[in-house]
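In what follows, a single structure is set out as structure tokens and then discussed.
The values are calculated or read from the model by the stated rules, or taken from the named source; none is laboratory data. It should be emphasised that the depicted structure is a prediction, and the values quoted were computed from it without experimental measurement. Virtual Cβ from ideal backbone geometry, glycine too; neighbours counted across all protein chains shown.
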Number of protein chains: 2
Amino acid sequence: MSGREFGRELSTAVVAFHEAVGAHLGVTAVDQRALALLAAKGPMTAGALAREIALTPGAVTGVVDRLERAGLARREPDPADRRRVVVSAVEDAFGEVFAGLAASMAEVVDRYDEAEQRAIADFVTRTVEVLRRETRRLTGTGDAG
Amino acid sequence: MSGREFGRELSTAVVAFHEAVGAHLGVTAVDQRALALLAAKGPMTAGALAREIALTPGAVTGVVDRLERAGLARREPDPADRRRVVVSAVEDAFGEVFAGLAASMAEVVDRYDEAEQRAIADFVTRTVEVLRRETRRLTGTGDAG
DNA sequence: CATTTTAGTTCAGTGTACTGAAATATCAGG
DNA sequence: CCTGATATTTCAGTACACTGAACTAAAATG
């Protein structure tokens, strides 16, 4: 199998899994992007989230509604400014969904010796960098998830 | 960075790239799933494609319309049965879009010695298997892209 | 305090992709 | 041939997320 087929298979599998998770939990792709942002950058106000994902405040209400309904995020009033709503990703919210995946991936990683694991980790890190760069190139924006 | 964060970063980056490609070419996530199927299983009729991606024939017309408009797939009449339309993925249709990615990934892979490359390839293969299994678990169907 | 600004939600309108059914074209059987 | 079955497209209706604007609430300003 060529490296190219390789990447395509991985990409397809990742996307299929992502879609399945979304369908299972009743959230859209955009919702999941918002959640990833919250997980990566920590809690932020609804307005900040709107700017980050380039959506209107009205749309963000819907995004957070769905994430909350799925138990993936929480709304909390900002005690310092009661107009504001702070949205945060629920810790380990994917627990049930990701439990099997995490366990299986741990098993997979366990198969390799230390040097191999270093190579794999390095490969993944560099792959992520490449993907982000190419995503920026396509979108023209500085935002690459 | 834990293995967990790791996977999430890769997943997010892959999905973001996938979305960017779709937006760039004017095709939906479903369209891309259909295209991946055509690339993997070879040309098939519109009806077969409809069954594979679990959509009505009417919806498939739209899917193929968009793929054709983007230059990613082709419609051809079946000479043996002129009611049928055979849909095929255009070879190297992603050329322009994926050129940068392919080159960068080749560079990345080049950094590792033979043993490391073997470990990486094995890791990717097993990861794809795990993802497909977990996708099946979530959807309950036998279809995991 | 009254006024202006800011934050978020609500809501009507819009765009898009899907379903289900009707229409069109072709094949297969009597 | 004529009839019934099959393959795809077309089309009206539906579902859903997004936009833009009005609305509510709270903070900042003077």
Subject >> Tally, over region B:31-48, of residues that are among the hydrophobic types (A, V, I, L, M, F, W, C) and within 11 Å of DNA strand C (Cβ to nearest atom) >> reply: 1
**OP:** List every residue pair whose Cβ atoms sit under 8 Å apart, with the two residues 6 or more apart in sequence or on different chains, where the first one lies in region A:49-61 and is near DNA strand C (Cβ under 8 Å from one of its atoms) and the second, anywhere, is hydroxyl-bearing (Ser, Thr, Tyr).
**Re:** A:Ala50/A:Thr56
Subject >> Failed criterion for A:Arg83 (all others in (1) at pLDDT 95 or above; (2) surrounded by 12 or more Cβ atoms within 10 Å (Cβ to Cβ); (3) out of contact with any Ser or Thr (no Cβ under 8 Å at 6 or more places or on another chain) hold) >> reply: (2)
Original post:
Among B:Ser104, B:Ser88, which is the only one that is of a type in the set (S, T, N, Q) and under 28 Å from B:Phe123 (Cα atoms)?
Top reply: B:Ser104
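Could you tell me whether any residue of region A:38-55 is under 30 Å from B:Ala99 (Cβ atoms), touching a helix residue (DSSP H, G or I) at 6+ places or on another chain (Cβ under 7 Å) and not hydrophobic (A, V, I, L, M, F, W, C)?
Taking region A:38-55 first, the residues under 30 Å from B:Ala99 (Cβ atoms) are A:40, A:52-54.
Cutting the leftovers down to touching a helix residue (DSSP H, G or I) at 6+ places or on another chain (Cβ under 7 Å) gives us A:52-53.
Now restrict to residues that are not hydrophobic (A, V, I, L, M, F, W, C): A:52.
Yes, region A:38-55 has at least one match.
From B:Ala40, B:Ala73, which residue is surrounded by fewer than 14 Cβ atoms within 10 Å (Cβ to Cβ) and among the aliphatic types (A, V, I, L, M)?
On the way: B:Ala73 fails: surrounded by fewer than 14 Cβ atoms within 10 Å (Cβ to Cβ).
B:Ala40 is the lone residue from the list that is surrounded by fewer than 14 Cβ atoms within 10 Å (Cβ to Cβ) and among the aliphatic types (A, V, I, L, M).
Answer yes or no as to whether B:Thr28 is farther than 30 Å from A:Tyr112 by Cα, in contact (Cβ under 8 Å) with a residue 40 or more places away in the chain, surrounded by fewer than 18 Cβ atoms within 10 Å (Cβ to Cβ) and among the β-branched types (Val, Ile, Thr). Write out each step before concluding.
Numbers: farther than 30 Å from A:Tyr112 by Cα: yes; in contact (Cβ under 8 Å) with a residue 40 or more places away in the chain: no; surrounded by fewer than 18 Cβ atoms within 10 Å (Cβ to Cβ): yes; among the β-branched types (Val, Ile, Thr): yes.
Against the criterion (farther than 30 Å from A:Tyr112 by Cα, in contact (Cβ under 8 Å) with a residue 40 or more places away in the chain, surrounded by fewer than 18 Cβ atoms within 10 Å (Cβ to Cβ) and among the β-branched types (Val, Ile, Thr)), B:Thr28 does not qualify.
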**OP:** Could you list, in sequence order, all residues of region A:14-49 that are near DNA strand D (Cβ under 8 Å from one of its atoms) and over 22 Å from B:Ala29 (Cβ atoms)?
**Re:** none
Original post:
Name the residues in region A:50-61 that are more than 10 Å from DNA strand D (Cβ to nearest atom) and more than 14 Å from every other protein chain (Cβ to nearest Cβ), would you?
Top reply: A:Arg51
Original post:
How many of the residues making up region A:62-97 are out of contact with any strand residue (DSSP E or B) (no Cβ under 9 Å at 6 or more places or on another chain), within 14 Å of chain B (Cβ to nearest Cβ) and either within 16 Å of DNA strand D (Cβ to nearest atom) or in contact (Cβ under 8 Å) with a residue 12 or more places away in the chain (or both)?
Top reply: 3
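For region A:54-65, name all the residues that are buried (at least 16 other Cβ atoms within 10 Å of the Cβ) and under 19 Å from B:Thr12 (Cα atoms).
Of the residues in region A:54-65, the ones buried (at least 16 other Cβ atoms within 10 Å of the Cβ) are A:55, A:60, A:63-64.
A:Leu55, A:Val63, A:Val64 - these are the residues of region A:54-65 that are buried (at least 16 other Cβ atoms within 10 Å of the Cβ) and under 19 Å from B:Thr12 (Cα atoms).
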Original post:
Name the pairs: first residue in region B:5-22 and within 7 Å of another protein chain (Cβ to nearest Cβ), second residue charged (D, E, K, R) and not in a helix (DSSP H, G or I), Cβ to Cβ under 9 Å, at least 6 apart or on different chains?
Top reply: B:Ala16/A:Asp143
